[in-house]
Amino acid sequence: MNEQTSTDVSGNPAAGRATRFDLARPDEPGTPKIDSALARNRAFAAAGGHEGAVVFPNLRLFVITCLDPRVDPAHFLGLHLSDAMVVRNVGGRVTQEVINDVAFIAQITENVIPDGPMFEVAVIHHTQCGAGALADATFRRRYAERIGADEADLRDHAVLDPAATVMSDVERLCSAPAISQRVAVSGHVYDVLTGLVQTIIPARHKNSESAPAPATPDEVQTGAASS
Ligand SMILES: [Zn+2]
């Protein structure tokens with residue numbers, strides 16, 4: 001690749017050694033447009049791609065991951081429409097807003113599945129994450145001023161060691177009072193160079209080391225009486 005295009009997202013030469021990546025292909029014109037995506041939408045609808053979609057995800061899965069375009073779970077997890085709920089933010093961090101989202105879905109799900117495991121939340125951080133820029137003091141200070149946030153809080157959002165941050169975020173979810181014990185939580189790291197996901201923390205519930213897998217759609221639909 002052209003070395004001139006290799007940079008880090010902070011714009012600071014001293015920042016983000018762990019986050020160095022190519023911002024764009026050298027041969028891309030770089031003009032932002034939704035037109036090509038809308039053309040793909042027409043083809044999607046014409047082919048009936050939206051048909052058969054359901055609200056509650058087929059895999060009983062809730063994915064929290066980074067908004068980095070290299071880290072699209074539809075691709076690296078092979079997710080199809082209706083397979084999973086997905087929340088993406090900078091770094092794939094478990095913020096209070098994300099905890100609230102999981103709690104919301106759990107409350108909705110309680111009406112559908114009154115007992116037993118509901119769904120699994122998979123927190124997936126990744127290598128070369130741009131959120132590493134928040135470890136740089138200059139970048140962090142400018143960003144804190146821009147959004148009116150506490151700079152000290154932002155430091156905790158940096159992702160330099162994805163295995164470490166995913167462990168702390170799984171713990172944050174498991175210790176959140178708003179999260180039901182019927183929700184399983186797991187932690188993983190996606191390697192953007194190999195394309196592989198490594199599990200750091202297998203699915204667990206609050207106050208337990210491991211957890212049974214959430215019920216499959218067949219199990220939910222047929223119930224125990226038919227088995
Ligand atoms: Zn990232």
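The values are calculated or read from the model by the stated rules, or taken from the named source; none is laboratory data. The shown structure was predicted, so the numbers you read here are calculated from the model rather than taken from an experiment. Ideal geometry is used to build each Cβ from the backbone, glycine not excepted, and the neighbour counts take in all protein chains shown.
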If you take the residues in the range 125-152 that are of a type in the set (A, V, I, L, M) and within 15 Å of the ligand (Cβ to nearest atom), which one is surrounded by the fewest Cβ atoms within 10 Å (Cβ to Cβ)? Ala135
Candidate set: the range 107-124, residues that are over 17 Å from the mean Cα position of the chain (by Cα) and under 30 Å from Asp191 (Cα atoms); chosen: the one surrounded by the most Cβ atoms within 10 Å (Cβ to Cβ): Met118
Output for the range 52-111, where each listed residue is of a type in the set (Val, Ile, Thr), part of a loop (DSSP other than H, G, I, E, B) and at pLDDT below 95: Val54, Val55
Out of the range 176-227, which residues are in a loop (DSSP other than H, G, I, E, B), at pLDDT 90 or above and among the hydroxyl-bearing types (Ser, Thr, Tyr)? Ser180, Thr194
With (1) away from the ligand (no atom under 16 Å from the Cβ); (2) not in a helix (DSSP H, G or I) as the list, and Ala122 as the residue in question, which single condition is left unmet? (1)
Every pair of residues 6+ apart whose Cβ atoms lie under 8 Å, when the first sits in the range 61-76 and is within 12 Å of Tyr190 (Cα to Cα) and away from the ligand (no atom under 11 Å from the Cβ) while the second is hydroxyl-bearing (Ser, Thr, Tyr) and modelled with pLDDT of 95 or more: Pro73/Thr65; Phe76/Tyr190
Residue count for the range 145-166, restricted to those that are closer than 14 Å to His188 by Cβ, among the hydrophobic types (A, V, I, L, M, F, W, C) and outside any loop (DSSP other than H, G, I, E, B): 3
